[in-house]
Amino acid sequence: MAHKDNGRGRIAHRVNKYKSISVSSCLRGEFDLTQRPPIPYAPRFTRFTESTMHNSSGISISELAALVRGTVIGEGTHIVRACNTLMDAAPDQISLLHNAKYAKELDTTRAGCVVIAPGALGEVKRAAGLPPLNAIEAKNTYHAWQQIMVRLHGQRKHPPVGISPLASIAPSAKIGNNVHIHPFAVVGENVTIGDN
């Protein structure tokens, strides 16, 4: 698409090109709007490595199923240590089947366990040499996946940002020490934010 000579054409093109940037992602501090916007591609899942693992000792599938109020299918004593995609998961990792169009990946995944919706396991024909598939059936797979990720990897750590000059803070607001207020956050009249 060719840019128009006036500023409006360029701005409209950038808004369309970078439409994946949302207000909530800016509030979380994922984007610095004073810099050039990032490429609008994000992988479906974060690739987890040894350095990002929170619980290297692992947890059994039965314990995870109890955490998410799910049902174990297969070997409940199997230990998993991290989360990953269906295609990239190792035998000590857990994955998620979030869409039926990826159900064929259940035949070849090496994941030690997969979180699925009730009845989604269906007729899985495992590839030669792969062990039987372990699964956790959960009514709300996304909520279960979120709980499992937090249990295995911990809460996401945000870098300290201080008080952004792009935040809107009322003059009557009382701000404590060691407080982080992200860009475009609004702190209203007579609000008190404590230390840390």
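The values are calculated or read from the model by the stated rules, or taken from the named source; none is laboratory data. In this text the structure is predicted, and so the values were computed from the model without any measurement. With ideal geometry, Cβ positions are generated from the backbone for all residues, glycine too; neighbour counts draw on all protein chains shown.
Quick one: in segment 181-196, which of the residues that are in a loop (DSSP other than H, G, I, E, B) and without any contact (Cβ under 8 Å) to a residue 60 or more places away in the chain is nearest to residue 80 (Cα to Cα)?
Taking the candidates together, the pick is 196.
Counting only residues that are at pLDDT below 90 and out of contact with any helix residue (DSSP H, G or I) (no Cβ under 8 Å at 6 or more places or on another chain), which one in segment 115-127 is nearest to residue 98 (Cα to Cα)?
Step by step, filter segment 115-127, then rank; the result is 119.
Since residue 156 meets every condition but one in (1) surrounded by 14 or more Cβ atoms within 10 Å (Cβ to Cβ); (2) of a type outside the set (Val, Ile, Thr); (3) without any contact (Cβ under 8 Å) to a residue 60 or more places away in the chain; (4) within 30 Å of residue 72 (Cβ to Cβ), which condition does it not meet?
Only one criterion in (1) surrounded by 14 or more Cβ atoms within 10 Å (Cβ to Cβ); (2) of a type outside the set (Val, Ile, Thr); (3) without any contact (Cβ under 8 Å) to a residue 60 or more places away in the chain; (4) within 30 Å of residue 72 (Cβ to Cβ) is unmet by residue 156, namely (1).
With the condition kept exactly as written, say whether any residue in segment 132-140 is charged (D, E, K, R) and modelled with pLDDT under 90.
No, there is no match, as no residue in segment 132-140 is charged (D, E, K, R) and modelled with pLDDT under 90.
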